[in-house]
Amino acid sequence: MRHSSMQTAVDKAFAIALGLKAVDALSEVAGGLWLLLIDPQWLQGRAAAFFAPELREDPGDFLATHVLQWVAHFKQHAMLFAAAYLLSHGVAKLVVVLEIVRGRLWAYPGLIVLTALFAAYQLYHMAVAGLTPGYLVLTLFDLLIIVLTAVEYAKLRSHPRHMQRTPPT
């Protein structure tokens, strides 16, 4: 009985993590499409107009000055690279998540490998650029996805009939 309740908790955790991964993938696709549609000068102008009232009150405002510096460095080729990066990652994640939902066994190792590659890049990025809370949380989430996916995959491989009938909930 205890094993059954634990298995149910792992199944629920996997389903929630998979849903979050799908939201992440959709966000990346939306962000990539958005970057393809906007002009860097337009973005710089909107950001300057948005933060102008805050900068009149406090010329050294941390958030406003950093966002404006960040946006000022946007160039068309950098935006195209960022768009391609987001779109490729988002579409790849979306494909494997949807195939897992459809009950395709091959998608489990696909999600593990894809997520491991993203986690490895994030670890590299943190080693080079420094540790940031966002990258740390994202990397820990990816490691959790890998563990939950491996557990679910092992369970499905040991009971192939179960996999055919019921994709994760």
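The values are calculated or read from the model by the stated rules, or taken from the named source; none is laboratory data. The shown structure was predicted, so the numbers you read here are calculated from the model rather than taken from an experiment. No Cβ is skipped: glycine too gets one built from the backbone with ideal geometry, and neighbour counts run over all protein chains shown. Surface accessibility is based on the protein's heavy atoms, side chains included, excluding ligands, DNA and RNA. Shrake-Rupley method; radii C 1.70, N 1.55, O 1.52, S 1.80 Å.
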At a 1.4 Å probe radius, carbon and sulfur cover how many percent of the accessible area of region 39-128?
-> 71 percent
For the chain, what is the accessible area per residue in Å² when the probe is 1.4 Å?
-> 63 Å²
For the chain, the count of lysine pairs 8 or more apart or interchain whose alpha-carbon atoms are under 20 Å apart comes to 4
Global geometry of the chain, whether rounded, prolate or oblate, following the gyration tensor of its Cα atoms and the 1.5 cut on a/c = prolate
Heavy atoms only, probe 1.4 angstrom, no DNA, RNA or ligands counted: give me LYS93, LYS75, LYS12, LYS155 ranked by accessible area, highest first.
-> LYS12, LYS75, LYS155, LYS93
For region 3-105, calculate the relative contact order in percent as a whole number, restricting contacts to Cα pairs under 8 Å that are 6 or more residues apart.
-> 47 percent
Quick one: check the C-alpha center-to-center distance for region 74-152 versus region 13-60, whole angstrom.
-> 18 Å
Quick one, could you list the DSSP H helices from the chain stretching 24 Å or more along their long axis (Cα atoms) with average Kyte-Doolittle hydropathy of 0.5 or above?
-> 2-37, 76-101, 107-129, 133-158
Note down the magnitude of the dipole of the chain about its Cα centre, charges +1 on Lys and Arg C-beta and -1 on Asp and Glu C-beta and zero elsewhere, to the nearest 20 debye.
-> 980 debye
Cα shape, region 62-132, gyration tensor, a/c 1.5 rule = prolate
Over region 67-169, what is the relative contact order in whole percent, taking alpha-carbon pairs under 8 Å and six or more residues apart?
-> 32 percent
Those chymotrypsin sites (Phe, Trp or Tyr not before Pro) from region 55-135 that are DSSP loop and have at most 16 other Cβ neighbours within 10 Å turn out to be TRP106
